[in-house]
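As structure tokens, the structure follows; a few thoughts come after it.
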Amino acid sequence: MTVRNLAQALTDAHHAALLADDDVIVLGEDVAANGGVFRITDGLLDAFGPDRVIDTPVAESGIVGAAFGLAIGGMRPIAEIQFMGFSTPAYDQVVNHVARIRNRSRHRFTCPMVLRIPYGGGFGAAEHHSESWEAIYAHTPGLKVVTPSTPYDAKGLLLAAVADPDPVVFLEPIRLYRAVKEDIPDEPYSVEIGKAAVRREGTDVTVITWGAMTKEARAAAEVLADEGTSVELIDIRSLVPLDTTTITESVHKTGRAVIVHEAPRTGGFGGEIAAVIAERCLYSLLAPIHRVTGWDTVFPLKRGESLYLPSVERIVKAVRSTVEDR
Amino acid sequence: MTVRNLAQALTDAHHAALLADDDVIVLGEDVAANGGVFRITDGLLDAFGPDRVIDTPVAESGIVGAAFGLAIGGMRPIAEIQFMGFSTPAYDQVVNHVARIRNRSRHRFTCPMVLRIPYGGGFGAAEHHSESWEAIYAHTPGLKVVTPSTPYDAKGLLLAAVADPDPVVFLEPIRLYRAVKEDIPDEPYSVEIGKAAVRREGTDVTVITWGAMTKEARAAAEVLADEGTSVELIDIRSLVPLDTTTITESVHKTGRAVIVHEAPRTGGFGGEIAAVIAERCLYSLLAPIHRVTGWDTVFPLKRGESLYLPSVERIVKAVRSTVEDR
Amino acid sequence: MDQLLTPQGELLGESPLPIEAVRDLYAQMLFSRQYDHKSVSLQKQGRLATYAPFEGQEAAQIGSVAALRADDWMVATYRDAAAMWAHGYPMDALYLGRTGDERGGRPPDDVPVLPPSITVGGHMIHAVGLAWAAKLRGEDRIAITYFGDGATSEGDFHEAMNFAAVYETPTVFFCQNNGYAISLPMHRQTRSETIAVKATAYGMPGVIVDGNDLLAVYAATKDAVDRARSEGGPTLIEARTYRIGPHTTNDDPARYRSADEEEEARSRDPLIRVKAYLEDHDAWGDEDEAATIAEASAAVDEAIASAEAVPVPDAAHVFGAMFAETTLQLDEQQSQATP
Amino acid sequence: MDQLLTPQGELLGESPLPIEAVRDLYAQMLFSRQYDHKSVSLQKQGRLATYAPFEGQEAAQIGSVAALRADDWMVATYRDAAAMWAHGYPMDALYLGRTGDERGGRPPDDVPVLPPSITVGGHMIHAVGLAWAAKLRGEDRIAITYFGDGATSEGDFHEAMNFAAVYETPTVFFCQNNGYAISLPMHRQTRSETIAVKATAYGMPGVIVDGNDLLAVYAATKDAVDRARSEGGPTLIEARTYRIGPHTTNDDPARYRSADEEEEARSRDPLIRVKAYLEDHDAWGDEDEAATIAEASAAVDEAIASAEAVPVPDAAHVFGAMFAETTLQLDEQQSQATP
Ligand SMILES: Cc1ncc(C[n+]2csc(CCOP(=O)(O)OP(=O)(O)O)c2C)c(N)n1
Ligand SMILES: Cc1ncc(C[n+]2csc(CCOP(=O)(O)OP(=O)(O)O)c2C)c(N)n1
Ligand SMILES: [Mg+2]
Ligand SMILES: [Mg+2]
């Protein structure tokens, strides 16, 4: 066991994956010599050489399209996009090719690749560096979409993603890279894709979230506990496949649900979760389902960021009104 | 007044828009000499000439990016993408540039353009020709997203979109192009963007849909009426801005809601509507909110299509179980 | 522009192929044309979904495939059925796909041909990735990708060419310049004189060949394939040809080109000159022609019959190939889809 | 590679600009460098968000802008503050933007400069659209777009170049080839010998100029601008320069390039040769240098002060510029955002 933050856990997972399977390669902009803009791939070039850790030109569609061909050709590429805001030039390759080849070839050709995308805001970044577009990937049949909120999950989910026979979009909450640490095993292990994690058990209200918001939600749960409200906190971890069982069981128990995400509200993945609850838990619901989300605006620059991001306060407020409601 | 089908109403609207304002131009693949793959722009080249009706190379990102510059430069471009499945190469231009310029320049530069995208299935098309990706556009702050289901709305919404000071993604239900006709005014008129249409008043259950599914839902409502179930049918017409008032008022009245869309269920825009209802109408709800949607699969080719598309039967079945539920 | 056979069928210089091989390839061209013509009429009868005819492009497709090895990767388009078939993709699978059935997208395990790309431009980089994989794995295979003049306007063409050059992947970029992107003529798609010259932007060799000349196409492709195989990197080939038919069965070429132009193009029909060449060398006669066409016709009919014999799909068909293992959501939905 | 001033400042041939004009441009270069240096230290103090220094690229930016008219469109990037400022974008607005405030994205109404593009590649086509609009509207304006070597790898570069050529828009594509895309050196981004040669793929003229040579940059840009203005269509200019500083204040160049290389580059500092040239012509002295630097320093400090004086934004700032008219959703959300 070693204490690692989420970024270090990801680096550790890369080492393990490259060591375990010669077909695994890493490609992306500045991932080799530079070790990646977030240093996630730092040290991999020295350890595994330029045939396995590959710097690419600035061409996201090319990166994903090449990875697609590499995967069909027998490799296991881990492709990095520097920030989610720069994933859109590759969006066509992802939805029209990566997500479809198994279906259109009836299992004959498959694309076991991992598409790593750092996402989310909260660090005063420049424009286009703080997006949360998980919903546009989750709405694409043929992709699995996961996002870790702990170092343990970061390593386990990335290794599971590399081992997965299908393409996995691996979303990394930038704000948590260095904000969360814990003791994690040095040996390889995997965390099952498609299972939510109950971060805290509770009886009064279910708070459902993922990625960086898990940290805010944990803090909110503390505050609420002090005022006597027992929060059950679910970190879905996997948007696709979604662990509806864990969600519905919890809401049946608590009768209340608050969904928290950083992405803009309209069309955000919170809508999907609310729909699942409204479809399956209606008779258990004691109060309206609340969403605490980013607004339907462009993600603001540094000086306006705090006005946009769901805060501990906003989560606490929403939970309070939910439990008061009847 | 002239009887026109939805396609003819769109052609009529193009004539009106080009006639009314010299800054209006039309560009896209095969829109000029060929009149567009669906003949929507047929006759425009002869009427307005090659400076206003422009064939482009096969380059969707270029089409939208050029239209963006043209719009900032004072023109009012109507850009056509041939099928929604081919809109993804332009997705980066749409979300990172078109949708943002007003905000990032604080109103100094604006992009009054219309992006026309034929969408949806049901006509046995080749791969990539039947997608319903409205949710990925509706989740992008800065865009308005509309879709007509009648010839009257087709003309009125398109003229409203051209007149709008902001970018409008105009989604055209391919299956309805020639499937619906009605008498529409010959002179220009506009239909307000952001207002839903109640296609049928009812008391037992609210069915909410848009685009091609409006036709199936109407037929389902007939069947249900014969069995004594009174359906209130809402065609939202505009996904962004969404007319939540019309939706919530109806559900408060009926106490039941069924949402119908063609897109895959997970992450579809139906989730947003269910979330709005679960947030605002919970205490009026007598039954779970049902979604009748496409499946979480790639849109099937001709021979499998009928297994995928929401049918009158599936809608009727869902409404029945909703009204029986208590 | 490289040419070895004049439109009249006289040989300029010497043939890169023995006469028997040319006979076989000519037979393949006749097979392809049968496939193409029958596809058009089947579509008219509503038995196929939209079809994209390749009439006039047989020399480009058959001649280039002749330069490949059986295990070389192929990534082609909706208009390249002749090339795919010549490389081992079964005709019945091609037909099955065109009836609107995903099962047509699965070639036999030993056929390294991806299902045809319907999107324009996105597939070229896949041939770069496949060739790169072969290189990294030390496999002695190359990858060829087929695309049209219109596809060169897409940004993905640029990125594919650049990646292939930067990583020196064994990829052959085979462009069939048939003069049009649906209704847009080549000279309005780009201001470069040729497609081949675009290779300069990537430090890649670019060659132009008469795409209606079976032998010249073979020779040019063989050069490129040999270069790729011997670690010489990628090549762009521009095969100048013409789409004699409509863009697809939904298209009306009269809207954008003249009957004279089409007539003139027909006179350059790629089959004519090969036949003339073979006849001049007493390697082909009317009975060969008749027998081969009859054989082709029968083979095509058989392929159609077996495609149409495939039972209508059920729900499992729609849900069964999304992932290696199904998901909770897919299971739930499949049960809802099965009344 | 075109050169008019040697690194030592001797003039080859004759100057395209009168000496007074060169004096002004040199003063602009000094202003720009003040801006750049102060930005780096402000960022270190946490008073600016990430900053992308342009030190070493002053001749390319100031020299090219000198060839523009006030109403010509400019579409540039995060590294082109000098060009934007020289074309009228106020320094305080540039600083405001860099503190992380959208209000910095709004130049005065008579300044035809778009806010800097942060995404790489997507903005070039905007200069094509703007130039096209001017052409369609009969306005006598051209559009120039600035981008780096790395941006030429994006598919959007290809589509922008192609559209500009096909529609003959009055667009100048000004590439500052500063040797790197973050850590990736130019020769690993593409296999073409130069960026300029890529113009061939579009039938467009492409020229290479010493980007550290103020006069050569001016001359080359003037040619391209004149061609565009006289309906001669677009031009690609490759200005060979070097990014002396890090990619951004988050970047550590030691990871991918040597100190020697940086040293050698510093010796080609674009300011040195202009100063030497002016001094040789007794058009500049130490007092001019000192006075101008002092003036620049004061102007920059003032710009910083006024940027930092802008009050912290409220909710209206976040919601107020999404559409011309607000929506129900935005109103509801804004009220929720205002405690
Ligand atoms: C990304 C994308 N955009 C548009 C289309 C519609 N489309 C199908 S074929 C075609 C023209 C392609 O021309 P070319 O590359 O020359 O191939 P050809 O059809 O002539 O063989 C277009 C625009 C598409 N399939 N994909
Ligand atoms: C679409 C996109 N991909 C990646 C990035 C991250 N990024 C910012 S600058 C840069 C390198 C650009 O290099 P170049 O075009 O040479 O410009 P320079 O920074 O050298 O001035 C990259 C990859 C981005 N901003 N946008
Ligand atoms: Mg073509
Ligand atoms: Mg650079």
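Side notes on the structure shown:
- Of everything in segment A:263-308 that is among the acidic types (Asp, Glu) and over 18 Å from A:Gly122 (Cα atoms), the residue that is surrounded by the fewest Cβ atoms within 10 Å (Cβ to Cβ) is A:Glu279.
- For D:Thr235: the one exception among (1) β-branched (Val, Ile, Thr); (2) closer than 14 Å to D:Asp2 by Cβ; (3) more than 14 Å from chain C (Cβ to nearest Cβ); (4) buried (at least 24 other Cβ atoms within 10 Å of the Cβ): (3)
- Those residues of segment D:135-149 which are crowded, with 24+ Cβ neighbours inside 10 Å and more than 14 Å from the chain's Cα centre (by Cα), in sequence order: D:Ile142
- If the condition is being among the charged types (D, E, K, R) and buried (at least 16 other Cβ atoms within 10 Å of the Cβ), then segment D:258-272 contributes D:Glu262, D:Arg268, D:Asp269.
- Under the condition of being over 23 Å from B:Ser130 (Cβ atoms) and within 7 Å of chain A (Cβ to nearest Cβ), the residues counted in segment C:110-152 number 10.
- Per-region count, segment A:21-40, residues in contact (Cβ under 8 Å) with a residue 12 or more places away in the chain and within 23 Å of A:Thr150 (Cα to Cα): 7
- So C:Gly63, is it in contact with an Asp or Glu (Cβ under 8 Å, 6 or more places away or on another chain) and not in a helix (DSSP H, G or I): no
Yes/no per residue for (1) surrounded by fewer than 24 Cβ atoms within 10 Å (Cβ to Cβ); (2) farther than 20 Å from B:Glu60 by Cβ:
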{"position": "B:Phe83", "(1), (2)": "yes, no"}
{"position": "B:Ser87", "(1), (2)": "no, no"}
{"position": "B:Val94", "(1), (2)": "no, no"}
{"position": "B:Ala126", "(1), (2)": "yes, no"}
{"position": "B:Gly156", "(1), (2)": "yes, yes"}
{"position": "B:Phe170", "(1), (2)": "no, no"}
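- Within the span defined as segment B:102-121, every residue fails to be at the interface with chain D (Cβ under 10 Å from one of its Cβ atoms), crowded, with 23+ Cβ neighbours inside 10 Å and within 21 Å of A:Asn96 (Cβ to Cβ).
- Looking only at residues in segment B:288-308 that are at the interface with another protein chain (Cβ under 7 Å from one of its Cβ atoms) and assigned to a loop (DSSP other than H, G, I, E, B), the one that is farthest from C:Gly104 (Cα to Cα) is B:Pro288.
- Residue check for C:Gly13: within 14 Å of chain B (Cβ to nearest Cβ) and not aromatic (Phe, Trp, Tyr): no
- Some residue of segment A:212-219 being touching a Ser or Thr at 6+ places or on another chain (Cβ under 7 Å) and assigned to a strand (DSSP E or B): no
- Residue within segment D:329-336 that is part of a helix (DSSP H, G or I), at the interface with chain B (Cβ under 9 Å from one of its Cβ atoms) and surrounded by fewer than 15 Cβ atoms within 10 Å (Cβ to Cβ) present: yes
- Leading residue by the ranking (nearest to ligand 1 (Cβ to nearest atom)) among those in segment D:142-156 that are closer than 12 Å to C:Gly155 by Cα and touching a helix residue (DSSP H, G or I) at 6+ places or on another chain (Cβ under 6 Å): D:Gly155
- When we screen C:Leu271, C:Leu236 for residues that are away from ligand 4 (no atom under 16 Å from the Cβ) and out of contact with any Phe, Trp or Tyr (no Cβ under 7 Å at 6 or more places or on another chain), the only hit is C:Leu271.
- Breaking point among (1) more than 13 Å from chain A (Cβ to nearest Cβ); (2) within 16 Å of ligand 4 (Cβ to nearest atom), for C:Asn162: (1)
- When residues of segment D:168-183 are limited to those that are within 14 Å of chain C (Cβ to nearest Cβ) and buried (at least 24 other Cβ atoms within 10 Å of the Cβ), the one farthest from ligand 2 (Cβ to nearest atom): D:Thr169
- Within segment B:12-47, tally of residues that are over 25 Å from D:Trp132 (Cβ atoms) and not hydrophobic (A, V, I, L, M, F, W, C): 2
- Count - residues of segment D:185-204 that are surrounded by fewer than 24 Cβ atoms within 10 Å (Cβ to Cβ), closer than 23 Å to D:Asn250 by Cα and not charged (D, E, K, R): 2
- Applying a threshold of 6 Å to beta carbon distances and a minimum spacing of six or more residues, or different chains, the list of pairs starting in segment C:132-145 at a residue that is under 16 Å from C:Val111 (Cα atoms) and ending at one that is part of a loop (DSSP other than H, G, I, E, B) and at pLDDT 95 or above reads C:Ala134/C:Arg141; C:Arg141/C:Asp71; C:Arg141/C:Asp72; C:Ile142/C:Asp72; C:Ile142/C:Pro170.
- Failed item in (1) surrounded by fewer than 24 Cβ atoms within 10 Å (Cβ to Cβ); (2) more than 14 Å from chain D (Cβ to nearest Cβ), with A:Ala9 passing the rest: (1)
- Qualifying residue in segment B:1-18 (condition: in a loop (DSSP other than H, G, I, E, B), free of Cβ contacts under 8 Å to residues at least 12 places away in the same chain and not polar (S, T, N, Q)): no
- From the options B:Tyr152, B:Tyr91, residue that is farther than 20 Å from B:Val260 by Cβ, of a type in the set (Phe, Trp, Tyr) and touching a residue at least 60 places away in the same chain (Cβ under 8 Å): B:Tyr152
The values are calculated or read from the model by the stated rules, or taken from the named source; none is laboratory data. Just so it is clear, the structure is predicted and the values come from calculations on it, not from any experiment. Counting neighbours? That spans all protein chains shown, and the Cβs are built from the backbone with ideal geometry, glycine included.
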